[in-house]
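One structure is given here, and the rest of the page talks about it.
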Amino acid sequence: MMIIYLLCGFFLGWSLGANDASNVFGTAVGSKMIKFKKAAIISSIFVIAGCVLDGGGTTQTLNELGKITSLKDAAIVTFSSAFTVLMLTKMRLPVSTSQAIIGGIIGWNILYNYSIDTEVLTRIVSTWLICPLLAAITAIIIYIIARFILFKIPFNLLKRDFYIRQFLIIIGAFGSYSLGANNIANVIGVFVNTSELTDLVLFKEIIVPKEILLYFAGGLSIALGILTYSKGVMLTVGRNLLKLSPEHALIVVFSHSLVLFVFSSVIFSNFITSLGLPEIPLVPVSSTQAIIGAIFGLGLVKSFYSIKFKAIGYIALNWILTPVISLAICVFLLIIF
Amino acid sequence: MFKLTKSIISQINDYLENVKKSSVIFKDAFRCFLTNNNDEFEMQLTKMTEVEHNADILKRNIENMLYKHSLIPESRGDVWRLIEHLDELIDTAKEILVNFDIEKPDIPSDIYDAFFALSDTVTASVQEVVEATKLYFYHPAAIKKSLENIYQLEKKADQISNNLKREIFSKKNLELSHKTHIRYFISRTDLLADTAETVADMLSIYAIKLIV
């Protein structure tokens, strides 16, 4: 039974890898700047690295919202989120795994009559609003800098193409790391406090904490999603949905990666606090919404008429729709089982 | 990959040098023909054939490599069209010289200077196209001035060729067939500046696409 419960988390990780890796490498692969195999391998390695090395911050925030100690409950919360994501994806809505899992955890709290920490909830919800906004501002700043550089410094078109390819790989790796660090909480966050899972002891001496095991397993499931199922999504995203020039793709992916990194890195958060600035909440945010925010920012500075306001409407709709549906499914399943 | 990029950059530069060389050969051969320096004209024609052959090899290599290695996916169609049109400049220049050699038009000496002015202007327009193409590859934001020069040269070439045609057709001592024959060479020479203008139009759009 334990394996089935863990498979729920594994399934959510797999679908996250299959869908969200396209935000990082979709345009590069779709425009044939990078081959899928190369993109998938780089993305998989850096997603796992992000999960294991920097996944703690967002996981802690999720646990502040609800400390789920039963493996069965954790599996139901994860399954509700995965099902919501699957359902809304089928309806062709750009859904967020992060918002689905929050809905599930709130549902669990409601059913067991646990009080919800409104301060934590406010912190999380506010990042949903800030995330696309910050991505848009970042994209505008990077665009202005890139335009200034390209206007001032002569650069051969082919050399420019060569360096863009290298940057797409480097920033793609950074984006994958940030994706893993930020979104791993969605996959394994609710399993961290379950009593059924314990630390692993190797050779009677080496103790591997269960958190690290979970981060690694979660990262592995995301990587598996990237390697087995993301090719079609990357090509669709790159050729149809986000048809951007390689230069614009670089700006959009870099903005997206920075925003995800800001909301996941403990080191960066501590650095900001040490400067006397307000603390950055470490919260799992939506990779898709960060990408849409960055494209919106780019559209704003390039051509106002090319902005797809419908996409912005979808984001706002999902802020409400996704957690509510996930919450309802979670409560329903917890009552049944 | 970096080696491949450097190799294509070098081949494109060589190709552009060939376009420039063809314009210089054209100008020299034109002068040789009008001054009856037949041996030198033959030599220039042989040089032109070599340049055209080399340019064709480079053109095929560049186009193959761009598509084979998926380089500059957003711009390779533009670069392909650009190179095809630049090739027209070499082909047209060679064709004019070959026709001079075969048909040996009898050009009245009193219009030599106007003919030289026409050949100088079209040659300058071709050389300016080479400069504009280099700017497209290296600094598209700075291409505007070069394109304006091409448009000015094309306008000047049109004026010279129209004046020449008027002068030819106003001559009472020439047969209509003779006049028509000379007009053909004026029009073909002017075509070089027209093709240069077409390339300039393409470059102005392609450069906008490259500016982020």
*At 0.890 mPa s and 25 °C, Stokes diffusion of the stretch A:17-114 via Kirkwood alpha-carbon radius, µm² per second*: 158 µm²/s
*Relative intensity, log₁₀ I(q)/I(0), of the stretch A:72-209 from a Debye sum that treats every alpha carbon as a point, q = 0.09, 0.11, 0.13 Å⁻¹*: -0.49, -0.67, -0.84
_Can you compute the FRET efficiency between B:GLU88 and A:TYR229 using 1/(1 + (r/R0)^6), with r the Cβ-Cβ distance and R0 = 41 Å? Round to the nearest 0.05._
0.25
*Compute the acute angle (0 to 90°) between the alpha-carbon long axis of helix A:309-336 and the principal axis of greatest extent of the alpha-carbon atoms of chain A; round to the nearest 10°.*
20 degrees
_Percentage relative contact order, chain A, counting C-alpha pairs under 8 Å, at least six apart_ = 39 percent
_Estimated translational D of the stretch B:29-183 in µm²/s (Stokes, Kirkwood radius over Cα pairs; 20 °C; 1.002 mPa s)_ = 120 µm²/s
*Just for the Cα atoms in the stretch A:2-59, what are the lengths along the principal axes, largest first, rounded to whole Å?*
42, 24, 16
*Simple label model, 7 Å out from Cα along Cβ direction - A:PHE203 to B:GLU167, nm*: 9.6 nm
*Quick one: grab the alpha carbon gyration tensor of the stretch A:189-273, order the square roots of its eigenvalues as a ≥ b ≥ c, and give me rounded if a/c is under 1.5, else prolate or oblate depending on whether a/b is larger than b/c.*
oblate
*Can you list which of the trypsin sites (Lys or Arg not before Pro) found in the stretch A:155-225 are DSSP loop residues with at most 10 other C-beta atoms within 10 Å?*
A:LYS204
*Where in chain B are the DSSP H helices whose alpha-carbon span along the long axis reaches 15 Å or more and whose Kyte-Doolittle mean is at least 0.0?*
B:2-34, B:112-138, B:176-210
*Going by alpha carbons, how many degrees (0 to 90, nearest 10) lie between the helix axis of A:97-111 and the longest principal axis of chain A?*
20 degrees
*Give the calculated FRET efficiency between B:MET65 and B:TYR184 to the nearest 0.05, with a Förster radius of 30 Å applied to their Cβ-Cβ distance.*
0.20
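Computed on protein heavy atoms with a 1.4 Å probe, what is the summed buried accessible area for the chain pair A and B, in Å² to the nearest 100?
Rounded to the nearest hundred, the buried surface is 2100 Å².
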*When we measure straight from the Cα of B:LYS47, which lysines land under 17 angstrom away, once same-chain ones fewer than 8 places off are left out?*
B:LYS20, B:LYS21, B:LYS27, B:LYS94
*Loop-only check: which GluC sites (Glu not before Pro) in the stretch B:104-191 are DSSP coil with at most 11 other Cβ within 10 angstrom?*
B:GLU175
*Got a sec? Which residues in the stretch B:180-205 would a label at B:GLU103 touch, if it sits 7 Å along Cα→Cβ and we count backbone N under 11 Å?*
B:180-189
*asked:* Using only DSSP helix segments of four residues or longer, with each worth -39500 (n - 2.57), what per-residue ellipticity at 222 nm results for the protein assembly as shown after dividing by its residue count and rounding to 500?
replied: -28000 deg cm²/dmol
*What accessible surface, in Å², does a 1.4 Å probe find on A:ILE170, ignoring ligands, DNA and RNA and rounding to the nearest 10?*
100 Å²
*Any chance you could run the full-extension gain for B:LYS155 through B:ILE205? It's 0.36 nm times the residue separation minus the Cα-Cα distance, nm to one decimal.*
16.0 nm
*Rounded to whole Å and sorted largest first, what semi-axes of the equivalent ellipsoid does the C-alpha gyration tensor of the protein assembly as shown yield via the square root of 5 times each eigenvalue?*
68, 21, 18
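The values are calculated or read from the model by the stated rules, or taken from the named source; none is laboratory data. Note that the structure is predicted; figures quoted are calculated from it, not measured. All Cβ positions, even for glycine, are placed from backbone atoms using ideal geometry, and neighbour counts span all protein chains on display. Keep in mind that these areas ignore ligands, DNA and RNA; they rest on the heavy atoms of the full protein, side chains included. Shrake-Rupley method; radii C 1.70, N 1.55, O 1.52, S 1.80 Å.
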